[in-house]
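The structure appears below as structure tokens.
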Amino acid sequence: MSETSYMEQELQSQPETWQEAARIGAAAGPLPRPGQRVAVVGCGTSWFMAQSYAALREGAGLGVTDPFAASEAFLGSDRGYDAVIAITRSGTTTEVLRVLDAVKGRIPTVTLIGDPETPAVTLSDETIALPFADEKSVVQTRFATTALTLLRAHLGQDTSQAVADARDALSVPVEKEWVEAEQFSFLGTGWTYGLANEAALKMREASQSWTESYPAMEYRHGPIAIAAPGRVTWLFGQAPDGLEGDVTRTGARFVCHARDPLADLVLVQRVALERARARGLDPDNPRSLTRSVMLEPSATS
Ligand code: F1P
């Protein structure tokens, strides 16, 4: 592995790519208007960004917004969607292309895409290209967070604090305890649940770590049995009453920072990178993973 991996370079550029995305997102564009019924689809990291966006949009009272893994999307006409948003860095992910193809001419689509020279563009009615956030590393960091920042800005959020907090997350030390921990459980509520899912995926992809993720209020319903000394429970956003005490009593380390939760995800990306390094792994080329899952035409979902 080279001293500076693509993953490291890419994750460090997030404050700049977020600022650029916020400019694009704040302008009027092809994204759905308030009140429209929206389905958001993606795979892997992009699915988790869809989860976060859906919770933010619907939570802001801007309309029904349902996130789906592209392979499990319910987009029948009885559901009455006015728009489908697809999120895909590569633009070649088979399950996403299948959704775009299936709804073509029936539901308007807009795709947030990293590489605009790809089939997803042809299949989409509209695209929002983020080539400045595309990545060389297989493990996604900045494309996902930049796409979500664009969507946050489109919902009317001021993302400048998130940018400042991302700079902070890039400068604080990565604690030794996080690099050496045996296991991580990531928790979130509302839009930060998608971030928890993404944090857990990042750690698995980059460093083959044992991670889990749950809605924060679900954690006491069984998963807390995993919490123990040498393990970490990391919460994004506001901690539910009493949860810190419940986790601390198990001997696990409870982590919850005040910074913008998307910026706190940047810190987890750094933890994943350091854990990969500590294990001699190449985070740019993780075991069994490719930049995009492209299935044979005959393969079923
Ligand atoms: C989606 C994705 C990635 C994952 C892996 C396979 O890619 O599932 O999130 O890390 O590399 O592809 P995309 O549709 O956003 O290009």
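The values are calculated or read from the model by the stated rules, or taken from the named source; none is laboratory data. In this text the structure is predicted, and so the values were computed from the model without any measurement. Note that we place each Cβ from the backbone using ideal geometry, even for glycine, and neighbour counts take in every protein chain shown. Areas reflect the complete protein model, heavy atoms only, side chains present, ligands, DNA and RNA absent. Shrake-Rupley method; radii C 1.70, N 1.55, O 1.52, S 1.80 Å.
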> Of the residues G156, G114, which is of a type in the set (G, A, S) and either surrounded by fewer than 23 Cβ atoms within 10 Å (Cβ to Cβ) or outside the structural domain of E16 (by TED's automatic domain parsing) (or both)?
Replying inline: G156
> How do the pairs read when you match residues in region 222-247 that are farther than 20 Å from L265 by Cα with residues anywhere that are surrounded by fewer than 16 Cβ atoms within 10 Å (Cβ to Cβ) and of a type in the set (G, A, S), using Cβ under 7 Å and keeping only pairs 6 or more apart or on different chains?
Replying inline: A228/G251; P229/G251
> Which one of M294, M217 is open to solvent by 20 Å² or more (accessible area, probe 1.4 Å) and under 22 Å from G42 (Cα atoms)?
Replying inline: M294
>> Can you report the number of residues in region 90-109 which are out of contact with any Lys or Arg (no Cβ under 8 Å at 6 or more places or on another chain), near the ligand (Cβ under 8 Å from one of its atoms) and open to solvent by less than 10 Å² (accessible area, probe 1.4 Å)?
In response: 2
> Does S288 fit the bill of being over 22 Å from D168 (Cα atoms), touching a helix residue (DSSP H, G or I) at 6+ places or on another chain (Cβ under 8 Å) and within 16 Å of the ligand (Cβ to nearest atom)?
Replying inline: no
> Can you tell which of F132, F186, F143 is within 13 Å of the ligand (Cβ to nearest atom) and either within 18 Å of E16 (Cα to Cα) or surrounded by 17 or more Cβ atoms within 10 Å (Cβ to Cβ) (or both)?
Replying inline: F143
> In the set V293, V268, which member is more than 17 Å from T233 (Cα to Cα) and within 16 Å of the ligand (Cβ to nearest atom)?
Replying inline: V293
> Can you tell me which residues in region 67-91 are touching a helix residue (DSSP H, G or I) at 6+ places or on another chain (Cβ under 6 Å) and not basic (K, R)?
Replying inline: P67, A69, A70, S71, A73, L75, V84, A86, I87, T88, G91
> Can you list the helices (runs of 4 or more DSSP H) found entirely within region 1-67 that contain at least 2 residues being over 20 Å from G114 (Cβ atoms) and modelled with pLDDT of 95 or more?
Replying inline: 45-59
> Do we find a residue being surrounded by fewer than 16 Cβ atoms within 10 Å (Cβ to Cβ) and within 16 Å of the ligand (Cβ to nearest atom) anywhere in region 192-205?
Replying inline: no
> Here is a list of conditions, (1) more than 17 Å from the chain's Cα centre (by Cα); (2) closer than 25 Å to Q161 by Cβ; (3) of a type outside the set (D, E, K, R), and P30 meets all of them except one; can you say which number that is?
Replying inline: (2)
> If we keep just the residues of region 238-274 that are farther than 26 Å from Q9 by Cα and in a loop (DSSP other than H, G, I, E, B), which is most open to solvent (accessible area, probe 1.4 Å)?
Replying inline: Q238
